[in-house]
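The values are calculated or read from the model by the stated rules, or taken from the named source; none is laboratory data. Bear in mind the structure is a predicted one, so any value in this text is a computation, not a measurement. Because the Cβ atoms are built from the backbone with ideal geometry, glycine has one as well, and the counts that use them run over all protein chains shown.
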Amino acid sequence: MSNLKDFADQLQQDVVSDMAKSYFGARKDLDDVIEVFNEMVTEFKVMVPKLSQVAARLHMLLLDRQTARDFYITLDILPSCIPFSDEVPKPFFNTLPFAFTQQGRFERCVLRAYNHFQQTADEYLNGRYYEDPEQRGKKRLTVHYIRLKALVEHINEEVERVNSSRSPSGTLRYVKGMDPVQMEKEKILGEACIIEGCGLDRDLEFKPIDFDAINLPVVQDLPRLNMVKDTIRQFCKEIYPSRKEDIAQAMAFLRDG
């Protein structure tokens, strides 16, 4: 009889130990993933002012928000998926691009500014490959918007799974159920609330990540310059005659020195 009780006690300890490893292991894994995600967000946010600045330079050349909206619509780009701000752009050109006419110079300025914006938006959305400093010959991809958004979806699925299948109250009830004697004592003395959804669960549950609350700019995947160059030139030709003075001021402002 003693051997049987010892076996039962050992079995109970093993089950409880496995449950503890499973319960705390799942929570630790989720904690680790959330911590890595937060570090990635911090690293990625350096791209936000860079994106805002290149957009501001292009928008200054396009003179006003309505003209900029018309520009994007002409290129089949959703204006709502472009970061507009009141940020003052920094000088962009060491010297203005050469052309025989002021209109031609304006076209080249807009082409160059758009190209810079498109390349920065592509890096923001899809990342940029760079040499791994720790492994020669290996390339790594920078943190990017699409990767962060996909990771949030994965984390929130794990949050739902851990909260629903491994609640603290459910785990405690299961462990307590393996010791009828202890359960009887707690009934007499009055036990803490461990019903599903009690304060313990609410205090310890994981919260899903609100991606929108991170406040990352939304930007469309922009067409490469060679695909829209002719359309941009035509747009510039159409607005130049009626806005010559404004355009000259914008180009002068963006000239460095």
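Things to note:
- Filtered residues of the range 67-84 (kept if exposed (fewer than 14 other Cβ atoms within 10 Å of the Cβ) and within 24 Å of the chain's Cα centre (by Cα)): LEU78, SER80
- Given (1) assigned to a loop (DSSP other than H, G, I, E, B); (2) in contact with a Leu (Cβ under 7 Å, 6 or more places away or on another chain), number of the condition CYS109 does not satisfy: (1)
- One residue stands out among those in the range 46-61 that are over 12 Å from LEU254 (Cβ atoms) and touching a residue at least 40 places away in the same chain (Cβ under 8 Å): the one that is surrounded by the fewest Cβ atoms within 10 Å (Cβ to Cβ), which is LYS50.
- Some residue of the range 161-178 being assigned to a helix (DSSP H, G or I), at pLDDT 90 or above, among the hydrophobic types (A, V, I, L, M, F, W, C) and farther than 24 Å from GLN119 by Cα: no
- Filter result for ILE209 (surrounded by 13 or more Cβ atoms within 10 Å (Cβ to Cβ), within 30 Å of ARG105 (Cα to Cα), of a type in the set (A, V, I, L, M, F, W, C) and at pLDDT 85 or above): no
- Single condition GLN119 does not satisfy, out of (1) closer than 30 Å to GLN234 by Cβ; (2) surrounded by 14 or more Cβ atoms within 10 Å (Cβ to Cβ); (3) touching a residue at least 12 places away in the same chain (Cβ under 8 Å); (4) of a type outside the set (Gly, Ala, Ser): (3)
- Residue list for the range 62-75, restricted to those being of a type in the set (A, V, I, L, M, F, W, C), on the phi < 0 side of the Ramachandran plot and in contact (Cβ under 8 Å) with a residue 40 or more places away in the chain: LEU62, PHE71, LEU75
- Scope the range 124-141; condition surrounded by 17 or more Cβ atoms within 10 Å (Cβ to Cβ) and in contact (Cβ under 8 Å) with a residue 24 or more places away in the chain; matching residues: TYR124, LEU125
- Inter-residue pairs, beta-carbon under 7 Å, first surrounded by fewer than 15 Cβ atoms within 10 Å (Cβ to Cβ) and in the range 85-106, second part of a loop (DSSP other than H, G, I, E, B), 6+ apart: PRO91/ASP256; ASN94/ASP256
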